[in-house]
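Below is one structure, written out as structure tokens, with a few remarks after it.
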Amino acid sequence: MSSVGENVSALTLESPSLEEKSTSGDNAKDQAVRTPPQEITGDDDNKSSLGGTPAPIENKGSIPQKPDSVRIGDIESDLPDEFSAAAVTYPDGGLQAWAVVVGSFLVIMASVGFLNSFGVFQTYYMAHQLSHKSASQISWIGSLQLFVYFGSGAFLGKFYDTHGVRILLIAGTILLSGASIVVSFCTEYWQFLVAQGILCGLGMAMLFYPAISVVSTYFLTRRANASSLAISGAGVGGFLFPVILQQLLPAIGFAWSVRLMAFLLAALGIAGNILIKDRLPPKKSGRSLFSISAFRDVRFSVFSAACFCFILSAFTPFTYIQDYALAQGVDPKFAAYIMPIMNAAAIPGRIAPGRLGDKFGVFNLIFPSALFGGLCSFAIWLPAKDGPTLMVYAAAYGFFNGQ
């Protein structure tokens, strides 16, 4: 008890005026003026922060309890059960971290890059296998592909949390390359819907979500920059794949052109599997897939609605820009390069905001990019009637869409 008394007496009160009047009864309680303690000295384990009330003495040899979460700046990350330094620190660089960025770049190049190339298939199908179908009917193939790609994100994200990247990357590589080979044999409309719309869309999603998610586990202060470098692979793939297809289709035909693309997708996926590695152990399952309570936060609900509206329109130009150019009488050889230019402009559009996002916040860049992308569509695309104007639009929209 003496040690507790000594510790309590070590309490320092910083008060400009401490006034205690020695009166009796209730008047003493009313007239006493006290300032809450500002500084505590001595053994903090043996007294409470209120000063004067001894706290239970803890065994200093015991293992500290694991906190539920660790807040780093404005980021709160749940810790896995293996409470260690790896769960609360980030390499923010190093050979393995940048190897993961390169691997994610290659995987995203194969998935989103191929997704952004559907405009070439839209134009080719209208002139060949599906010439008896309308442009709207053919676009359902690409629309279904996008639906599966985005719609499966919640399920694949949950699977990534509990199992890590490896299963998804291997399965996604096999599914995307295998489904692309199946597309080369398709002749009927429903076959394209299943093979290219559903299977390819799912394979793309299985590659993209773990590839972009794992980057964030290696970086904190440079997270936006690293993520932007990884996702710039979408622009590179979106530029290269249409150009390659435009050259191969008239030379070796549809079947072997798509098969060669499938081999290229497989090679990119294998390289990504080699370079990408999990840093944190998978989390234990236990949380529900959907949390309705999250939508009680007005800010989160508004943000989700805004993202829904943005994504709803973001991919329309990638699907129709080449077909629109041909409908306006643009030379087919010139029109074939409008979509690759749009994807190429997305490369600096994805890289440039990386450093700005780390400095000003990634969400603060979404509004201006979405605004200017929409203005480009209204001011340039709608009145455009010639190839050069459409090329200017493709470059401008690609840049802002990339952000």
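Structure data summary
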{"read-out": "Residue list for the stretch 217-269, restricted to those being surrounded by 21 or more Cβ atoms within 10 Å (Cβ to Cβ) and farther than 18 Å from Asn116 by Cα", "value": "Tyr218, Phe219, Ala224, Ala226, Ser227"}
{"read-out": "Wholly within the stretch 299-403, helices (runs of 4 or more DSSP H) carrying at least 1 residues that are more than 26 Å from the chain's Cα centre (by Cα)", "value": "316-327, 332-335, 338-360, 387-402"}
{"read-out": "Qualifying residue in the stretch 200-210 (condition: of a type in the set (Gly, Ala, Ser), assigned by TED's automatic domain parsing to the domain that holds Trp140 and surrounded by fewer than 24 Cβ atoms within 10 Å (Cβ to Cβ))", "value": "no"}
{"read-out": "Out of Ser69, Ser131, sole residue that is modelled with pLDDT under 90, surrounded by fewer than 16 Cβ atoms within 10 Å (Cβ to Cβ), small (Gly, Ala, Ser) and at negative phi", "value": "Ser69"}
{"read-out": "Only listed residue being in contact with a Pro (Cβ under 9 Å, 6 or more places away or on another chain), among the aromatic types (Phe, Trp, Tyr) and crowded, with 17+ Cβ neighbours inside 10 Å, chosen from Tyr320, Tyr337", "value": "Tyr337"}
{"read-out": "Asp278 being over 30 Å from Ala127 (Cα atoms) and surrounded by 14 or more Cβ atoms within 10 Å (Cβ to Cβ)", "value": "yes"}
{"read-out": "Single condition Lys359 does not satisfy, out of (1) in contact (Cβ under 8 Å) with a residue 40 or more places away in the chain; (2) charged (D, E, K, R); (3) more than 15 Å from Asn401 (Cβ to Cβ)", "value": "(1)"}
{"read-out": "Residue satisfying condition, being within 23 Å of Met206 (Cβ to Cβ) and either in contact (Cβ under 8 Å) with a residue 40 or more places away in the chain or among the β-branched types (Val, Ile, Thr) (or both), within set Ala255, Ala266, Ala335", "value": "Ala266"}
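One line per residue, one yes/no per condition, for (1) in contact with a Ser or Thr (Cβ under 8 Å, 6 or more places away or on another chain); (2) in the same structural domain as Ala394 (by TED's automatic domain parsing); (3) farther than 29 Å from Val362 by Cα:
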{"residue": "Thr221", "(1), (2), (3)": "no, no, no"}
{"residue": "Asn225", "(1), (2), (3)": "no, no, no"}
{"residue": "Pro242", "(1), (2), (3)": "yes, no, yes"}
{"residue": "Gln246", "(1), (2), (3)": "no, no, yes"}
{"residue": "Ile252", "(1), (2), (3)": "no, no, yes"}
{"residue": "Trp256", "(1), (2), (3)": "yes, no, yes"}
{"residue": "Arg259", "(1), (2), (3)": "yes, no, yes"}
{"residue": "Ala262", "(1), (2), (3)": "yes, no, yes"}
{"residue": "Gly269", "(1), (2), (3)": "yes, no, no"}
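The values are calculated or read from the model by the stated rules, or taken from the named source; none is laboratory data. Keep in mind the model is a prediction, meaning the values are calculated, not measured. Using ideal geometry, Cβ is built from the backbone for each residue, glycine included, and neighbour counts are taken over all protein chains shown.
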